């Protein structure tokens, strides 16, 4: 196990460098640059190709190090990253890690609640559908979950705001931010209640799609497993149906589902651009979107690098869990 983990960790380095290089080149090839955007934001975009405008652009490039060749820019960035220095934002000159540290707790709250709800609800429904295959309840659940899966999240968010957020009908849930004004000075339980009340609508939008997908995946895997010979043998031995399903069948059916764990860590870090924008939630998704629009290269590269690293760590955790759940799987 230790040798396998060491080998996988050594493979992370070239993979991560490859991902960051591709991301860096894509960002550089995108139209526009921070210097030109700053000139436009300063109200001097109408100066066009004048000498003053070109001088300002050149000075801005020198300030940010954008006048150097691409390979030099990339190597300098890699050097800083190995010292855990992602630089300063081009937009407001604040440290990138400080900006991420502000947004990350909010995104983690949203995604942890959503992921826990998805697994707690989807897996039992998937097991029930598999053990009651082709019955009316199974078909009704299948139809319902496929209906949920087909709904676009932005459309559902708009409907929830219209019906429950003071749109055309009820005014039950807040639809802006994650806390009320002045909530930081409230007692803890009042603050917690207010925070949860703000999270209900965005968490609903983040949950229903994953709920539909995971429940159908669980059903499909359970149907395969319960038809295996060892399940028939377990039943022939006189074991109760509950023991057969939850101890023998479900354990092996969870193996493909564990693969999804590899993408939970980057999902918790990256956030949801659409949902956070609609509900004005200052999370990582909104930060990434704003950084792309403003060509804030240090923030974009930091988010991409950390997300890639979390994906690789998630894959390693998935492989280890494979061997834990099924001893037949060898890591070497």
Can you find a residue in the stretch 134-151 that is under 30 Å from residue 228 (Cα atoms) and part of a loop (DSSP other than H, G, I, E, B)?
yes
Flag for residue 214 being touching a helix residue (DSSP H, G or I) at 6+ places or on another chain (Cβ under 6 Å) and modelled with pLDDT of 90 or more
no
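Residues checked against (1) modelled with pLDDT under 75; (2) assigned to a helix (DSSP H, G or I):
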{"position": "265", "(1), (2)": "yes, yes"}
{"position": "282", "(1), (2)": "no, no"}
{"position": "287", "(1), (2)": "no, yes"}
{"position": "329", "(1), (2)": "yes, no"}
Kindly check whether there is at least one residue in the stretch 120-127 that is within 30 Å of residue 282 (Cα to Cα), touching a helix residue (DSSP H, G or I) at 6+ places or on another chain (Cβ under 6 Å) and touching a residue at least 12 places away in the same chain (Cβ under 8 Å).
yes
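In this structure, is residue 295 farther than 30 Å from residue 79 by Cα and over 17 Å from the mean Cα position of the chain (by Cα)?
no
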Expected single match for farther than 22 Å from residue 129 by Cα and in the same structural domain as residue 279 (by TED's automatic domain parsing) among 235, 242, 190 is 190
Of the residues in the stretch 188-202, those that are surrounded by fewer than 19 Cβ atoms within 10 Å (Cβ to Cβ) and touching a helix residue (DSSP H, G or I) at 6+ places or on another chain (Cβ under 7 Å) come to 191, 194
Failed condition for residue 276, given (1) more than 20 Å from residue 118 (Cβ to Cβ); (2) modelled with pLDDT of 85 or more, with all others met?
(1)
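Have a look at 225, 175 and point out the one that is assigned by TED's automatic domain parsing to the domain that holds residue 111 and in contact with a strand residue (DSSP E or B) (Cβ under 8 Å, 6 or more places away or on another chain).
Step by step, each of 225, 175 is checked, and only 175 is assigned by TED's automatic domain parsing to the domain that holds residue 111 and in contact with a strand residue (DSSP E or B) (Cβ under 8 Å, 6 or more places away or on another chain).
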Failed item in (1) surrounded by fewer than 19 Cβ atoms within 10 Å (Cβ to Cβ); (2) assigned to a helix (DSSP H, G or I); (3) modelled with pLDDT of 80 or more, with residue 253 passing the rest
(1)
Of 163, 136, which residue is modelled with pLDDT of 90 or more and either over 25 Å from residue 267 (Cα atoms) or assigned by TED's automatic domain parsing to the domain that holds residue 252 (or both)?
136
Selection count where residues are at pLDDT below 75 and in a loop (DSSP other than H, G, I, E, B), scope the stretch 52-104:
3
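Can you spot a residue in the stretch 168-187 that is part of a helix (DSSP H, G or I), at pLDDT 85 or above and surrounded by 14 or more Cβ atoms within 10 Å (Cβ to Cβ)? Give the derivation first.
Restricting attention to the stretch 168-187, the residues satisfying the condition of being part of a helix (DSSP H, G or I) are 183-185.
If we keep only those that are at pLDDT 85 or above too, we end up with 185.
Add one more test, that the residue is surrounded by 14 or more Cβ atoms within 10 Å (Cβ to Cβ), and what stays is none.
No.
The values are calculated or read from the model by the stated rules, or taken from the named source; none is laboratory data. All values reported here derive from a predicted model rather than from experimental measurement. As a convention, Cβ positions derive from the backbone with ideal geometry for all residues, glycine included, and neighbour counts pool all protein chains shown.
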